[in-house]
Structure formats: C-alpha cells, structure tokens
1. Got at least one residue in segment 147-155 being of a type in the set (D, E), farther than 22 Å from S52 by Cβ and either at pLDDT 95 or above or in contact with a Leu (Cβ under 9 Å, 6 or more places away or on another chain) (or both)?
2. Residue under question is V231, and the condition is that it be within 19 Å of K43 (Cβ to Cβ), assigned to a loop (DSSP other than H, G, I, E, B) and modelled with pLDDT of 95 or more; does it hold?
3. For the condition modelled with pLDDT under 95, over 30 Å from M262 (Cα atoms) and small (G, A, S), what is the one hit in S52, S2?
4. Any chance you could count how many residues in segment 94-141 are surrounded by fewer than 17 Cβ atoms within 10 Å (Cβ to Cβ), modelled with pLDDT of 95 or more and not in a helix (DSSP H, G or I)?
5. Count, please, the residues in segment 142-161 that happen to be touching a Gly at 6+ places or on another chain (Cβ under 6 Å) and either within 17 Å of V103 (Cβ to Cβ) or part of a helix (DSSP H, G or I) (or both).
6. Kindly check whether there is at least one residue in segment 286-293 that is closer than 23 Å to R76 by Cβ and surrounded by 23 or more Cβ atoms within 10 Å (Cβ to Cβ).
7. If you scan segment 82-92, which residues turn out to be part of a loop (DSSP other than H, G, I, E, B) and within 13 Å of E133 (Cα to Cα)?
8. Only residues that are assigned to a loop (DSSP other than H, G, I, E, B), surrounded by fewer than 16 Cβ atoms within 10 Å (Cβ to Cβ) and not charged (D, E, K, R): list them for segment 8-59, please.
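The values are calculated or read from the model by the stated rules, or taken from the named source; none is laboratory data. Please read all numbers here as calculations on a predicted model, not as lab measurements. Quick reminder, even Gly has a Cβ in these numbers, built from the backbone with ideal geometry, and neighbours come from all protein chains shown.
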Amino acid sequence: MSLPTTVKLVDVGPRDGLQNEKGEVPAAVKIELVHRLQDAGLKEIEATSYVSPKWVPQMADAPAVMAGIERRAGVRYSVLTPNLKGLESAMALDKAFWPDEIVVFAAASERFSQRNINCSIDESIERFRPVVELARANGIYVRGAISCAVGCPYEGEVPPAAVDKVARLMKGIGVQHAGVADTIGVGTPAQVQRAMEATLKHYDLADVSGHYHDTYGQALANTLVSLEMGVWQYDASVAGLGGCPYAKGATGNVATEDLVYMLHGMGIETGIDLDKLIDAGQFISDFLGRPTNSRAGKALFTKRAA
C-alpha cells in the first residue's frame, strides 16, 4: 500500500501530557497552550478530561478550560470522559462549551484493567455503553482508545487476540473510532502491526489511529509501519509531554514536533506550521521549568536562536 499523502494529528498534550504534572498548571496556561496549538494549525486537540479531582487533581479545572477556549472553526476539541458522570459534567456547561468529541478507553490487558479502573475488560465496556449512547444522542463523536495494545506492565506482551476482543466490544457499543495505544511505549513495529491488523478487522481504515509512547525510542518506527499500512491518523503530544504512572520510566507520547518533522520530510502534509508548533512546545516547557522532550523541537529551536 502506498503511503498516505496527508496525515491528521491529534495533539493530546493539554490532557494526556499535563494530567500527571505534580505542580499546578493554571487553567489560563492550559488555555494558552490550546490557543498556540490551534494557531500552529492543529485541527484536533484533546483539551482536558472530566475525571474525579481526587484521582487526577490536575484536571479539576476542566470546566474553566472548556469555557475559556476561543474556539476556531474547523478545529475539533475532545475531552476524556471515563464514565457517565464525566460526560454529564461536560454537558452541564452551556452547549457552546461542550466537547465536539469524547474519548473512552479500555485496556487490552485484564490485569491492567483491574489495577487501573478496578474492573474487568467486559465490565469496563458495559460502563461505557450509556456514555456512548448519551454522547451520540447529542451529536458528540465517540473515539475509543485501546490501551496497552502491545504491552502491559503487569502481564508483559499483549497478544493481538486481546486487541481484537476490545475492538469488537467497542464497535458493539457504538464507539465510532478506535485508537491503538502503546500506553507504556514498549512496542516494536511488528507488534504494532499485529495490533493494528486486529483492530482493522472491526474498524475501517478511516476510523483507526495510532497512539505511541516513546519509552524505548520506538514511536517513530511504529508510526512508519502504521503509515505503510495506510493508517493516516495519530495522537502526539507537544514537547513530548506526559508519561504513564503505571510503568516506571515510561515517557510521554511521541512529540508532535518530532512526528511533524518526520512527516514533512517524507512529503506528507499535516497542515501544521512546525515553527509555531515548536514555539508552543517551548512555551509549555518554559512554564514547567524543564527542557522540551522533543528532539526536533530542541534542535530547530537552538538552530533558530544561533
């Protein structure tokens, strides 16, 4: 299969990237980050999550963030809603501040599901059924994430059959899009290819995406093998923000800057201004008081300043 000529990127930095930060990141900073990302040309931004502040205190300001974003035509704003209460909270705001899309997730690993959300895979899917129904009844798109699709910190390698099962169950409750997520960043191209093939048994090519963490430096390679399969949608995190609290040493999602640099170098269009994206990454890195995790961002910012 020939490579896609255009790729759609979802920047998950404002949500997935910032959720585990220990120090407070004010809503105004998160809003500014979203604005900078859309100024750079991002059309898909995962802005926040509606979760219990007890478990994820960094996301307690979700209503303020969603109300404060100056929305731009053509940009889709998504939020994570792990349960019905989360979706109801997102919809409690004025309709103008509702998300365009929600994200639900289920692990392909039974032990990860039990440790993360205290229920089995089957039970997690049933919890999402009313969430999906309410969202779709109100015109909100539903994206699903299959976490630990290739590796689990408790079970080790995850077989494609487990991914097949979760994709089938998600499709069965009406989830419209399935993201194959290497949550702890241990996957290699062959493993990712098998996980993607399992998902494509249940979803069309236009309805799947890759979400690859870079713990072992495999995220770009995993993206490349997915591109060779025709997959044209990917999650990425500005400045390489984030990590997985369940895997010691796990790094964040692949940096959006690194992915854009690779794609543009391959002649694949993204609609993203790399210079503005690097500035957005530098903005949030400066606020957090540490260097960007993006290798391309660091190199190009240094070159520009020379």
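1. So far as segment 147-155 goes, no, none of its residues is of a type in the set (D, E), farther than 22 Å from S52 by Cβ and either at pLDDT 95 or above or in contact with a Leu (Cβ under 9 Å, 6 or more places away or on another chain) (or both).
2. Spelling it out, V231 is indeed within 19 Å of K43 (Cβ to Cβ), assigned to a loop (DSSP other than H, G, I, E, B) and modelled with pLDDT of 95 or more.
3. Going through S52, S2 in turn, the sole match is S52.
4. 5
5. 1
6. no
7. N83
8. Of everything in segment 8-59, those that are assigned to a loop (DSSP other than H, G, I, E, B), surrounded by fewer than 16 Cβ atoms within 10 Å (Cβ to Cβ) and not charged (D, E, K, R) turn out to be N20, G23, P26, S52, P53, W55.
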